[in-house]
Amino acid sequence: MSAIATRFGVSVSQVLAANPDIEDADDIRAGEPITIPTPDAPSSLPRSDGISDARGDLLDLEDQLTFATGAVDLTGLGARLDAETVFIELLVGAPPPAASPDVEQITYTVNIDTNDDGEPDFRLVASNALEPEADYAAALTDLAADVTSSPGNFPGTFEVDGAALRFEVFRGTLGDPRRYAIAATAERRFFPGGVGDPEVEAAVDRAPDQQWPRANARWLEIGR
């Protein structure tokens with residue numbers, strides 16, 4: 001389905017909206033008739049959506065269950081398409097701590113696929129290791145151009161409000177696509193002897209749990 005959509009310059013969600021009888025975008029049979037919508041056709045995606053994530057499903061670097069602060073235990077991911085911006089909210093089990101990045105690094109990552117190819121095109125990162133003057137700061141990377149905005153030039157707003165982290169990014173910065181596919185990761189790395197110490201304790205949580213680069217990746221999708 002992705003190849004068909006790319007060939008005709010539309011999104012997968014637009015093709016699905018024009019073909020309500022198709023139940024599985026990954027199961028298109030040879031010879032099956034498909035209606036190709038125009039590029040300005042509406043999609044079947046909501047302008048806002050969210051998912052919940054189970055508590056206590058943190059993994060270590062070996063993909064084994066582990067324990068860590070609730071600040072990296074994702075409990076929810078939400079997104080909303082506003083007039084000029086994309087709003088993204090991560091919910092965690094506890095407020096992010098004001099930890100020293102020389103010993104404990106907390107990082108929140110949001111991958112955004114904007115061209116329907118199943119891989120991220122932009123990456124949001126919020127961390128206590130980005131900006132010495134702030135407990136947490138955010139940056140945006142354009143992966144195709146390999147360009148990262150500094151926290152001082154972030155194209156939007158970022159805030160930590162208790163156990164919620166909120167990004168608001170200008171749609172134009174992301175190319176203003178019709179579809180946004182979003183996945184989030186929270187990660188803690190603890191260095192008992194400091195950052196240079198090879199010994200490290202790590203914990204990672206993902207929402208959705210099955211996400212790129214793994215096969216059959218899942219995304220939270222919104223669009224227009």
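All of the numbers you see were taken from the coordinates with simple rules; none came from a lab. Bear in mind the structure is a predicted one, so any value in this text is a computation, not a measurement. Neighbour counts run over all protein chains shown; Cβ positions are idealised from the backbone, glycine included.
Its Cα centre serving as origin, the range 42-180 has a Cβ charge dipole (Lys and Arg +1, Asp and Glu -1) of approximately 480 debye.
Considering only Asp57, Asp27, Asp117, the Gaussian network model of the chain with Cα springs below 10 Å gives its largest mean-square fluctuation to Asp27.
Rounded to the nearest 0.05, the FRET efficiency derived from the C-beta distance between Asp57 and Val103 at R0 = 30 Å is 0.75. At the listed q of 0.08 Å⁻¹, the Debye profile of the chain, built from one uniform point per Cα, gives log10 I(q)/I(0) equal to -0.32. At full extension, Asp82 and Asp209 could sit 43.1 nm farther apart than now, given 0.36 nm per residue minus the alpha carbon distance. Each peptide in 173-180, 81-88, 211-218 gets a packing score, the mean of other Cβ atoms within 10 Å over its residues, and the list from highest to lowest is 173-180, 81-88, 211-218. Taking θ as phi - 60° and the Karplus parameters 6.51, -1.76 and 1.60, the scalar couplings of the range 48-56 work out to 9, 6, x, 9, 9, 9, 5, 7, x Hz in sequence order, x denoting glycine and proline.
For the range 108-223, the normalised intensity computed at q = 0.11, 0.16, 0.20, 0.23 Å⁻¹ comes to -0.40, -0.84, -1.21, -1.42 (log10 of I(q)/I(0), Debye sum over alpha carbons, equal scatterers, no solvent). Taking the alpha carbon gyration tensor of the range 45-94, multiplying each eigenvalue by 5 and rooting it gives semi-axes of 28, 10, 9 Å, largest first. With coordinates expressed along the principal axes, the C-alpha atoms belonging to the range 158-224 extend over 49, 32, 22 Å, beginning with the largest.
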